[in-house]
Amino acid sequence: MENRETLTGKYGDEGDSLIFNVMQRGDKLVNEVIALKNLDELTSSELTVKNFNPSVKNKIVNNFTDGALRYDLTVPFARYVVQHQNEISFPFKRYQIQPVWRADRPQKGRYREFYQCDADIIGSDSLLNEVELVKLFDEVLTNLGMKDFSIKLNNRKILSGIAEVIGRPEMIIPITVAIDKLEKIGLEKVNEELTQRGLSDNELRKIQPLFQIEGSNAEKLAQLSSFLKESEIGLKGIEETQFILNTVADLGLRKAKLEVDVTLARGLDYYTGAIFEVVTNEANMGSICGGGRYADLTGIFGLKDMSGVGISFGADRIYDVMEELNLFPESANTATQVLFINFGDKEAAFALPLVYQLREAGIRTELYPDAAKMKKQMKFANDKQIPFTVMIGEEEMISGKLSVKNMENGEQSTITVEELIKSIN
RNA sequence: GUGGAUGUAGCUCAGUUGGUUAGAGCACUGGUUUGUGGUGCCGGGGGUCGUCGGUUCGAGCCCGAUCUUCCACCCCA
């Protein structure tokens, strides 16, 4: 859990409303309720759901909640870096695997609680870090068995450049959100939305060439630099993207495709340079990974000039995709090799040292804990695909030999422990 | 946040235009030589039909509310 104010305002308006706020506890809460009773805006009639106006709602959230569940791992990481700046040697790398929460309505591939696996490098402007993270995407997802996935690459500076060229720099977020939908809803609808968001016909006309951009990464960048020739920041974004592409190309990738995608616009407010998103081309799933460069996230917490870049793997979505693609091995078969059947207290006491003798010989062995019916114990062994069962009853305790049953072919033999160990090892 | 569905045994689901003791498969359990699994056969336990209220002589089936889960949009991991 974080302090609420640590998280609010970092993820955009949409993000803010998806943060799980946590109520104050105990007397603090009681005191806030008492204090709020005195606010003239809050009359009892306003406490009915239908009459709830936003300002009252805000007031309640502000007064009643002091904490918030982590929305992602990046902002808390930035907070951590600022708080521990004197103890950290920079550039600082860290990975972190933890659950995060979104106050959203769940559906396929969307969870209210899910795990993110983050890797970040903070305290370095170098684009080599971006290159390393692209390689990390490739390495991890390839090792998990994914065969066809795309790392989409864009740059916030390019998006800024676009807004600048159109003449509406303040509209960068609405514009990028709209063009992000190009593939999904088509050109016409995107233009509709842009108009609705306040773009003039002239501005709309200026942006059209952007929607025609296509071809290889190099061709896209070439068209883009002509579109952005008036924008210094836009050209800077192209240059950065070019560097990442070239360097990665020299190193090569295993299964990943690295694709420039100008329509990739992540809603997170804090990205300033490269923006990443990974999608699998083998299953219908939203993005499975994301990330980007944040040049001044720590500034909000009081530490200037601390640029970082990081990526996040969406563990649950990756799991879902792997499940769908049958990428999990049939069984990790580290299961029991020998099961001792339990005939009762005396027999169990006799068997237990033998269990440990087998284990010391490296054989995965267990003794059924209860003197359950034999049929039940045998069925247990069968269900768990345990290859050998050992029966020790009166006879075996006298003779000192074990009745060993091979569960695959049903054959049974009477042998010593040493012989059993030898036959398995 | 917007819209649409769902909710019947542990699990997956049937349940006819509202009508007597609510069913199946799987799972569990007992028996089939009382120290033996996998297939077979015979038997058994288990459900206040999400919750509350309403309509009706009578509701799992109709109506309302509420909760849950799911799906799409929005957004994103």
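No lab work stands behind these numbers, since they all come straight from the coordinates. Everything numeric in this text was worked out from a predicted model, so none of it was measured. Reconstructed Cβ throughout: ideal geometry from the backbone, glycine too, with neighbour counts over all protein chains shown.
Considering only A:Val61, A:Pro353, A:Gln83, the residue lying farthest towards the positive end of the dipole of chain A is A:Val61, judged by Cα position with unit charges set on Cβ.
Dipole magnitude for chain A: computed about the Cα centre from +1 point charges on Lys and Arg Cβ and -1 point charges on Asp and Glu Cβ, it is near 520 debye. Would you work out if region A:273-350 is rounded, prolate or oblate? Take a ≥ b ≥ c from the square roots of the eigenvalues of the alpha-carbon gyration tensor; rounded if a/c is under 1.5, else prolate when a/b is larger than b/c, oblate otherwise. Oblate, because a/c is 1.5 or more while a/b does not exceed b/c. Of the DSSP H helices in chain A, those that are both long (alpha-carbon extent of 27 Å or more along the helix axis) and hydrophobic (Kyte-Doolittle mean at least -1.0) are A:232-251. If you take all other residues with their beta carbon under 11 Å from the beta carbon of A:Glu139, and give Lys and Arg +1 and Asp and Glu -1, the sum is +1. The simple spin-label model puts a point 7 Å past each Cα toward its Cβ; for A:Glu87 and A:Lys373 those points are separated by 6.0 nm.
Candidate cross-link partners of A:Lys401 among the aspartates and glutamates, defined by an alpha-carbon separation under 15 Å and a same-chain spacing of 8 or more, comprise A:Glu347, A:Glu418, A:Glu419.
Our summary gives chain A a relative contact order of 15 percent, counting only alpha carbon pairs under 8 angstrom and 6 or more residues apart. Ranking A:Ile158, A:Pro106, A:Phe92 by Cα position along the charge dipole of region A:51-179, where only Lys, Arg, Asp and Glu carry charges on their C-beta atoms, puts A:Pro106 farthest toward the positive end. Taken about its Cα centre, region A:292-425 carries a charge dipole of about 80 debye when Lys and Arg each add +1 at the Cβ and Asp and Glu each add -1 at the Cβ. Projected onto the charge dipole of chain A (+1 at Lys/Arg Cβ, -1 at Asp/Glu Cβ, origin at the Cα centre), which of A:Gln208, A:Ser124, A:Thr6 gives the Cα projection farthest towards the positive end? Selected residue: A:Thr6.
Among the listed pairs A:Lys10/A:Lys206; A:Lys59/A:Lys157; A:Lys157/A:Lys206; A:Lys184/A:Lys257; A:Lys108/A:Lys257, those with a Cα-Cα distance over 28 Å are A:Lys10/A:Lys206; A:Lys59/A:Lys157. For the pair A:Ile97 and A:Asn406, the difference between a 0.36 nm per residue extended length and the Cα-Cα distance amounts to 106.9 nm.
Work out the FRET efficiency for A:Asn3 and A:Glu323 from their Cβ-Cβ distance, taking R0 = 30 Å, and round it to the nearest 0.05. Result of the calculation: an efficiency of 0.25.
At what distance in angstrom do the alpha carbon centres of region A:251-304 and region A:71-113 lie from each other? For region A:251-304 versus region A:71-113, the Cα centre distance is 15 Å. Computed from the Cβ-Cβ distance with R0 of 51 Å, the FRET efficiency linking A:Met23 to A:Glu360 stands at 0.40.
Note on region A:338-424: Kirkwood radius taken over Cα pairs, Stokes-Einstein applied at 25 °C and 0.890 mPa s, translational D equal to 193 µm² s⁻¹. Using a cut-off of 10 Å between beta-carbons, work out the net charge of the residues near A:Pro106 (Lys and Arg +1, Asp and Glu -1, A:Pro106 not included). Spelling it out: positives minus negatives among the neighbours equals +3. For region A:203-361, a simple Cβ point-charge model (Lys and Arg +1, Asp and Glu -1, everything else neutral) yields a dipole of about 220 debye relative to the Cα centre. With both labels modelled 7 Å from their Cα along Cα-to-Cβ, the A:Arg205 to A:Gln337 distance reads 8.0 nm. Which whole-number percent of Cα pairs in chain A have a distance greater than 34 Å? Taking all Cα-Cα pairs of chain A, the fraction more than 34 Å apart is 53 percent.
Its alpha carbons considered, region A:74-324 gives a radius of gyration followed by a Dmax of 18.2, 54 Å.
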